[in-house]
Each structure stands twice: as C-alpha cells, then as structure tokens.
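The values are calculated or read from the model by the stated rules, or taken from the named source; none is laboratory data. Just so it is clear, the structure is predicted and the values come from calculations on it, not from any experiment. Cβ: placed from backbone, ideal geometry, glycine included. Neighbour counts: every protein chain shown.
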Amino acid sequence: MISYKSLTCSTADALVIYLLENNLKVSNEDLNKNISFAEDKGLFKGKSGESYSFTRTVNDTIQTVLLVGLGKEEDINLDKVREATGKAIKKLKELGITNIFLRVPHTEAIKLEELIKAMATSAELANYTFNKYKTDAKEEKELNVSISRCGVKEATKEIEDAINEGVEVAKGIIIARNLVNEPSNVIYPETLAEAAVNAGKESGFEVEVHGVEKIKALKMEAFYNVAKGSVKEPKLIVMRYFGDEDNKENVLGLVGKGLTYDSGGYSIKPTTGMVDMKSDMGGAASVIGALSVIAKRGLKLNVIAVIAACENLISGDAYKPGEVIGSMAGKTIEVVNTDAEGRLTLVDAVHYIITEEKVNEVIDLATLTGAALVALGETTTAVVTNNEGFFNELKSASEYTGDNMWQLPTFDDYKELIKSDIADLKNSGGRFAGTITAGLFIEAFVQDKPWLHLDIAGTAWTSKNSNLGVKGGTGAPVHTLYELAKRRSK
Ligand code: BES
Ligand code: MN
Ligand code: ZN
C-alpha cells in the first residue's frame with residue numbers, strides 16, 4: 001500500500017512532472033533547461049504516453065526527475081492522467097525508488113480534486129502485484145507517495161478527501177482483483193462467503209450466508225442443480241447496506257455471478273478453456289469490492305447484493321445435458337448445455353433479490369459468455385438492458401471512470417432462440433448472438449424491474465500487463481458501480 005506522508009518537490013527521491021504538449025514549462029529554471037534539452041533533442045514532446053527521465057542535484061542529494069506527457073491541453077482527460085501516473089509509478093518502482101512526489105498537472109480543464117483523486121487511485125493500482133505464491137519473490141518495498149503542487153505546504157480538507165476517496169476506490173478494485181486471482185482451491189463458496197463477511201466488517205455492511213438447506217427450502221432449483229455436482233457446499237451470500245434509512249423501500253440490487261470454478265460440467269470445456277476458470281466469480285468479486293467502497297465512503301443510498309456461489313463440476317450427482325429442471329420463479333428450464341451454468345445460478349439469485357429482498361432495480365454482473373470476448377475483446381463490457389434511462393446512467397458513470405461499456409440489441413427475434421420444445425426456456429441459444437441470448441434468458445426473470453446485465457467475461461480478466469495493472473483479475477467494473485452509486489447518493 002502507498003502512504004501519503006508529505007514529501008516536498010525537493011526532498012523526494014523522485015519528482016514526477018506531468019507536462020502538456022503545448023506547454024512544456026515549469027517555474028524552476030534549472031528544470032526548464034533539462035526539459036528544453038529533451039525537447040530540442042526530440043526525446044520528449046509531452047505527447048500522451050511519452051516519458052523521459054534525468055537526474056538533478058537538490059539539497060546536496062541526487063533526485064530523479066521523470067517527465068510524463070499528457071498530450072494537448074484540449075484533449076486532456078482523466079484517463080490520460082491515470083495512464084501517465086501508472087506509467088510513472090511502474091518506472092520508478094523498477095528503479096527501486098520509493099519516495100515519490102507526484103506534481104499535480106497545471107490545467108484548467110479538470111478540477112484539482114478530480115486530478116488528485118485519479119492520481120491516488122492509479123498510483124495504488126499501478127503498485128498492485130499478486131506474487132504471494134512465489135516463494136522467491138522479493139519483498140515489496142512500501143511506497144511513500146505525495147500528491148501535491150511544489151511549494152504548497154498544507155493540504156486542504158478537500159484535497160485530503162480527494163486522496164482518501166481515490167485510495168478507497170483502488171482498495172475496492174484490489175479486493176476484487178485479489179479474489180479473482182486466488183486459485184479455486186483457496187476461494188470456493190465457503191471462503192468466498194468468508195471474504196464477504198470480512199469485507200462487511202471492515203467497510204460497514206451486513207452479511208448473511210445461507211447453506212444448502214436454505215437454498216433447497218427457497219426452491220432455488222436452478223442454482224442447486226449447478227451446485228450439486230461438487231462436494232463443496234453452495235452458499236447464498238446476501239450483503240445489505242442501508243445508507244439511506246429514511247428511504248428503506250428504495251433499494252438498488254446487485255447480483256454477481258459466483259462460480260468459484262467452472263469446468264463446464266458434462267458439456268466439458270477443453271483443457272485450455274479450463275485453466276483460468278477460477279475467474280468465473282469475477283461478478284461476485286466486483287460486487288464485494290464495489291459494496292466495500294460504497295459503505296466505506298458512507299454513501300447515502302441503499303444497496304443489497306446477492307451472490308449464488310458454487311462450483312460447476314462432474315460427478316455421479318452432477319446435472320446432465322437434456323435434463324429439465326425447475327427454478328425459484330417456477331419456470332422450467334431444459335438444460336441443453338451444462339456449461340451455460342452461470343445464467344441458471346443468476347436467475348435464482350435475481351428472483352430471490354426481487355421477491356425476498358424487495359429491491360426496485362437490478363444490476364447483474366457476470367463472466368457469462370465467451371461470445372462477449374469475441375465480440376468486444378478484453379476492454380469493453382457488453383450490456384443488455386430493458387431500460388434505456390438506467391443504461392444511460394451506467395454509460396455516463398463509465399465514461400467518467402474509463403470502464404468501457406457497450407449496449408447490445410434485444411430484438412424479439414433473439415428471444416426465439418431460447419425457446420424450448422419441452423420446457424419454458426432452454427439454457428443456451430447456440431453459437432449465434434450468445435451474449436444477447438444469455439442476457440435475454442436472465443431478463444425472463446426480472447419481472448419488468450429496471451435491469452442492467454453486464455457481461456464481464458472479457459473485462460474481469462486481462463492477459464496483458466498494463467500501466468494500471470498486471471495479468472489476471474482487473475477489478476472491473478468496481479469503479480463504475482461506485483460512481484453510479486455516488487451520483488445517486490444524496
Ligand atoms: N464462464 C463461462 C464464460 C467465459 C468464457 C468466461 C471465457 C470467461 C472466459 C460460461 O459459463 C460459459 O461456459 N459460457 C458458454 C455458454 C455457451 C455454452 C452457451 C460459452 O461462452 O461458451
Ligand atoms: Mn460455463
Ligand atoms: Zn461459467
């Protein structure tokens with residue numbers, strides 16, 4: 001973790017200066033000489049993505065100065081600030097430098113508190129690693145980062161709070177990353193539930209965990225059928241945060257897919273498709289991470305989150321292709337593919353959260369279809385909805401956070417694809433439009449409540465290291481869920 005003790009521009013071991021392409025100047029002459037040198041040699045122009053470092057002597061010690069480009073002032077946005085911050089932290093960590101001063105960029109285009117918050121979040125995210133299972137990993141040095149302007153002595157309350165909020169957002173994202181990165185022999189339904197309980201204690205929300213008897217008593221037959229092939233007991237995890245006690249009837253519902261492992265079941269996945277399937281609880285992880293930030297920041301709204309956690313395995317007791325099963329809502333489902341298990345757990349969780357927890361709106365988050373990866377790649381979340389206003393709210397929050405979201409169409413023709421000859425619905429519509437039909441399957445259980453379905457199969461996991469993270473769990477879209485909740489908070 002990063003601490004924010006007050007270093008100054010001259011006492012830090014490294015000074016990071018963000019520069020705009022059309023204004024490569026700072027107020028210190030000595031620094032300006034070096035900047036001009038780099039510019040004249042064509043080594044640094046201030047373009048977004050560029051960086052250049054040199055050393056100087058201040059107070060008789062050597063300081064590393066790292067210039068990072070933000071591009072033209074008219075094109076500046078928070079994402080460029082985040083990327084530049086991440087790049088700077090990663091470069092300096094590589095050099096073994098831990099006392100870092102991030103000099104807040106001078107621009108009128110973005111509010112000071114917004115800049116500072118984005119810098120705090122991205123510094124924490126860039127510092128993230130998951131090396132706990134490497135016995136020869138070198139110990140992570142603690143970073144000591146200051147975010148300020150040169151010459152400013154005291155941080156105002158607003159600035160302190162912006163740093164605080166930025167760090168809390170990152171902590172929520174990191175909760176999700178860690179849960180996804182833990183292997184499935186460590187995170188299974190029971191330990192996922194424990195993680196939710198701990199997050200609740202730490203951040204201030206209530207957690208109730210139900211076992212298999214309650215799941216059966218609630219008639220969550222679709223969920224139970226997926227779970228019963230595993231010796232690990234399924235858990236129904238319910239998290240409640242009431243930040244707006246005067247409006248108790250107004251509750252936002254979150255549902256996260258919580259397959260702690262997905263082998264595909266009898267419709268078994270190929271070896272390569274099975275390796276990363278510990279990440280099939282990415283929706284659950286995001287829900288726990290987001291609720292943690294929401295509660296920690298004391299937002300004034302009510303949120304209830306539900307996770308139907310289980311494993312999808314093969315055994316003498318596992319469900320099989322061709323079976324017809326029930327669901328908590330009473331609808332019957334023909335199982336044409338045991339690998340389309342996520343939607344079976346989700347529809348019972350959705351029905352539960354609407355009927356038992358009485359939420360007014362539902363957002364479900366799920367690593368649901370490989371088709372989402374094929375259609376939109378690793379950096380855009382696919383969205384299916386029954387409510388344009390709700391989608392616009394999400395879209396606008398996501399434009400602020402930089403989590404890309406794209407809405408898919410829901411023409412009636414697609415609904416034909418999940419009609420069954422023998423039951424009310426079948427659990428797969430086949431290869432075509434896979435992300436849409438998966439979404440529409442869930443829609444059949446939302447009882448016309450405003451609903452957003454976020455297929456995060458592409459975005460919850462990344463195969464690349466980047467400025468703001470490493471291969472593995474990304475923690476998406478924790479930031480967007482928090483931002484949406486914050487905009488509702490009165
Ligand atoms: N968990 C998978 C989806 C997935 C695939 C997530 C790749 C992340 C990366 C899901 O349960 C699944 O297996 N979906 C099937 C649906 C099909 C059988 C209709 C798929 O995408 O192939
Ligand atoms: Mn599956
Ligand atoms: Zn799955």
Of the candidates K278, K320, the one satisfying the condition of being outside any helix (DSSP H, G or I) and in the same structural domain as E483 (by TED's automatic domain parsing) is K320
Flagged pairs (Cβ under 8 angstrom, 6 or more apart or on separate chains; first in segment 242-265, without any contact (Cβ under 8 Å) to a residue 60 or more places away in the chain; second within 11 Å of ligand 1 (Cβ to nearest atom)) are S263/K269; S263/M274; S263/M277; S263/N312
Selection from segment 357-388 of residues small (G, A, S) and either in contact with a Cys (Cβ under 9 Å, 6 or more places away or on another chain) or outside any loop (DSSP other than H, G, I, E, B) (or both) yields A366, G370, A371, A372, A375, A382
Among L344, L365, the single one that is within 12 Å of ligand 1 (Cβ to nearest atom) and either at pLDDT 95 or above or more than 14 Å from I418 (Cβ to Cβ) (or both) is L344
L301 passes all but one of the listed conditions (1) within 19 Å of the chain's Cα centre (by Cα); (2) away from ligand 1 (no atom under 16 Å from the Cβ); the exception is number (1)
Scan segment 403-416 and tell me whether some residue there is crowded, with 18+ Cβ neighbours inside 10 Å and in contact (Cβ under 8 Å) with a residue 60 or more places away in the chain.
yes
Taking the stated definitions as given, is A457 assigned to a loop (DSSP other than H, G, I, E, B) and within 16 Å of ligand 3 (Cβ to nearest atom)?
yes
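Please verify whether A349 is within 14 Å of ligand 1 (Cβ to nearest atom) and modelled with pLDDT of 95 or more, treating the condition exactly as stated.
Values: within 14 Å of ligand 1 (Cβ to nearest atom): no; modelled with pLDDT of 95 or more: yes.
No.
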Is it the case that some residue within segment 160-181 is within 25 Å of M239 (Cβ to Cβ) and not in a helix (DSSP H, G or I)? no
Pairs returned, first residue in segment 185-208 that is free of Cβ contacts under 8 Å to residues at least 40 places away in the same chain, second residue that is basic (K, R), beta-carbon separation under 6 angstrom, 6 or more apart or interchain, are E206/R240
- prompt: In segment 113-135, is there at least one residue being farther than 30 Å from V335 by Cα and over 24 Å from the mean Cα position of the chain (by Cα)?
  reply: yes
Reported set for segment 84-97 where residues are part of a helix (DSSP H, G or I) and either surrounded by fewer than 21 Cβ atoms within 10 Å (Cβ to Cβ) or hydrophobic (A, V, I, L, M, F, W, C) (or both) is A84, A88, I89, K90, K91, L92, K93, E94
When restricted to I307, I288, the only residue closer than 20 Å to K235 by Cα, crowded, with 24+ Cβ neighbours inside 10 Å and touching a Gly at 6+ places or on another chain (Cβ under 6 Å) is I307
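For segment 389-415, what are the residues that are within 16 Å of ligand 1 (Cβ to nearest atom) and outside any loop (DSSP other than H, G, I, E, B)? Even if it seems obvious, please write down each step before you answer.
First, pick out the residues of segment 389-415 that are within 16 Å of ligand 1 (Cβ to nearest atom): 408, 414-415.
Correct list: Y414, K415.
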The one condition T272 fails out of (1) among the polar types (S, T, N, Q); (2) within 16 Å of ligand 2 (Cβ to nearest atom); (3) in contact with a Ser or Thr (Cβ under 6 Å, 6 or more places away or on another chain) is (3)
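Residues are listed down the side, and each one gets a yes or a no for (1) more than 16 Å from ligand 2 (Cβ to nearest atom); (2) in contact with a strand residue (DSSP E or B) (Cβ under 6 Å, 6 or more places away or on another chain):
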site	(1), (2)
V226	no, yes
V238	yes, yes
D262	no, yes
V287	yes, yes
I314	no, no
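Based on what the data block shows, is T437 buried (at least 24 other Cβ atoms within 10 Å of the Cβ) and hydroxyl-bearing (S, T, Y)? Show your work before the answer.
On the way: buried (at least 24 other Cβ atoms within 10 Å of the Cβ): yes; hydroxyl-bearing (S, T, Y): yes.
Yes; evaluated as a whole, the condition is true for this residue.
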